[in-house]
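Down below is the structure, laid out as structure tokens.
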Amino acid sequence: MVHLTADEKSLVSGLWSKVNVDEVGGEALGRLLVVYPWTQRFFDSFGDLSSPDAVMGNPKVKAHGKKVLNSFSDGLKNLDNLKGTFAKLSELHCDKLHVDPENFKLLGNVLVCVLARHFGKQFTPQAQGAFQKVVAGVANALAHKYH
Amino acid sequence: MVLSPADKTNVKTTWDKLGGHAGEYGGEALERTFTSFPTTKTYFPHFDLSPGSAQVKAHGKKVADALTTAVAHIDDLPGALSALSDLHAYKLRVDPVNFKLLSHCLLVTLACHHPAEFTPAVHASLDKFFSAVSTVLTSKYR
């Protein structure tokens, strides 16, 4: 369970309402693959990931980023029950996708960097703090069903 | 993990564009670290950590100046940071996990203030650079 203060909830929902979830998803996933290239191990079928430009422009990366972030967005509506919300996805990531949960933390931090870039000074230390709690909560929820 | 020539160029170019604000960014990165990762405050019980603290700003400038030195000597980080490496190993003994937290907040600060410069390639190079600096600073821990 993520414990956000009323102010933090307000900061998160306020900023999130201005996010183009589809675009930010593609950017976050793309940057994950560029900044931490070993994460490309999960995406052999995605085609050309040979350069930052290739990754960022790759249509499969954009589509998958959109999927991931829409799912994250659902989580934001259920901050009181992230484990329940992500239970099925947690099982999927463990049993079928075999993704090390460390990757959820990496993606969470890349997402924070993308939000910082988009919002600039509006992404205050307090706003960042709130989002760090959220991404940590989502990462934990996605790891919860691992065995 | 090794800094490529392109990484070094990205870091130097970006650092040059900070326009004398590096000190201010150092302070902001520290503030972000304390806010997002409260356990990091345990290393500063002697500081006033309230928003706008002069001590945090001064310390941020110190950190930024060290990074500026590191950028200037990017081909020999162990040499340039030797004294700081000793300090962190024998006196400060900051747990290594904290370098990642501050590095992340430095990236966030730069992303906020220089969105156009903070391309994916530059993001990657800066992350590698901060990681390399962190490695040097913890290299004498044991």
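Just the Kirkwood number for the protein assembly as shown, please: inverse of mean 1/r across all distinct Cα pairs, in Å, one decimal. Don't skip to the end; give the middle numbers.
On the way: mean 1/r = 0.0506 Å⁻¹.
Result for the protein assembly as shown, one decimal place: 19.8 Å.
Which percent of Cα pairs goes in each bin when the distances of chain A are cut into 10 angstrom slices starting at zero?
Final binned percentages: 12, 42, 36, 11, 0.
Mind checking the mean number of beta-carbon atoms from other chains within 10 Å of the Cβ atoms in B:105-114?
Numbers: counts 5, 0, 7, 11, 4, 3, 10, 12, 4, 2.
The per-residue average across the peptide is 6.
Show me A:17-23, B:120-126 ranked by packing, highest mean number of other Cβ atoms within 10 Å first.
Values: A:17-23: 13.0, B:120-126: 21.6.
Result, highest mean first: B:120-126, A:17-23.
Please state the charge dipole magnitude for the stretch A:23-147, taken about the Cα centre, from unit charges on C-beta atoms (+1 on K and R, -1 on D and E), reported in debye and rounded to the nearest 20. Let's see the in-between values first.
Working: 15 positive and 11 negative charges, 54 e Å.
Dipole about the Cα centre, nearest 20: 260 debye.
Could you give me the ³J(HN,Hα) list for the stretch A:94-111, computed from phi with Karplus coefficients 6.51, -1.76, 1.60 and θ = phi - 60°, whole Hz, x at Gly and Pro?
Residue by residue, the stretch A:94-111 yields 7, 7, 9, 8, 6, 9, 4, x, 3, 5, 5, 5, 4, 5, x, 5, 5, 4 Hz.
Please list, in order along the stretch A:84-92, the HN-Hα scalar couplings obtained from phi with the Karplus expression 6.51 cos²θ - 1.76 cosθ + 1.60 (θ = phi - 60°), rounded to whole Hz, x for Gly and Pro.
Working through the residues one at a time gives x, 4, 9, 4, 5, 5, 5, 4, 4 Hz.
Fewest to most neighbouring Cβ within 10 Å: what's the order for B:F129, A:F72?
The order, fewest Cβ neighbours first, is A:F72, B:F129.
For the stretch B:5-138, what does the relative contact order come out to in percent, with C-alpha contacts under 8 Å and a separation of six or more?
Numbers: 126 pairs, mean separation 49.9, N = 134.
This gives 37 percent for the stretch B:5-138.
Over all pairs of distinct alpha carbons, what does the Kirkwood formula give as the hydrodynamic radius of chain B, in Å?
Working: mean 1/r = 0.0652 Å⁻¹.
About 15.3 Å for chain B.
Calculate for the protein assembly as shown the 222 nm mean residue ellipticity that helices alone would give, adding -39,500 (n - 2.57) per DSSP H run of length 4 or more and normalising by residue count, nearest 500 deg cm²/dmol. Spell out each step's value before the answer.
Working: 15 runs with 186 residues, N = 289.
Rounded to the nearest 500, the figure is -20000 deg cm²/dmol.
Karplus couplings for the stretch B:78-95 from phi (6.51 cos²θ - 1.76 cosθ + 1.60, θ = phi - 60°), rounded to Hz, Gly and Pro as x?
Karplus-based 3J(HN,Hα) across the stretch B:78-95 equals x, x, 5, 9, 4, 5, 5, 5, 4, 4, 5, 6, 9, 10, 6, 6, 6, 4 Hz.
Can you give the percent of C-alpha pairs in the stretch A:77-117 whose distance is more than 12 Å? Please list the in-between numbers first.
Working: 558 of 820 pairs.
Cα-Cα pairs in the stretch A:77-117 separated by more than 12 Å: 68 percent.
At each listed q (0.12, 0.17, 0.18 Å⁻¹), what is the log10 of I(q)/I(0) that the Debye formula gives for the stretch B:50-132 modelled as equal alpha-carbon point scatterers?
Calculated log10 I(q)/I(0) at the listed q: -0.41, -0.83, -0.93.
Throughout, read-outs are computed from the coordinates displayed, never taken from laboratory work. Values in this document were obtained by computation on a predicted structure and should not be read as measured data. Using ideal geometry, Cβ is built from the backbone for each residue, glycine included, and neighbour counts are taken over all protein chains shown.
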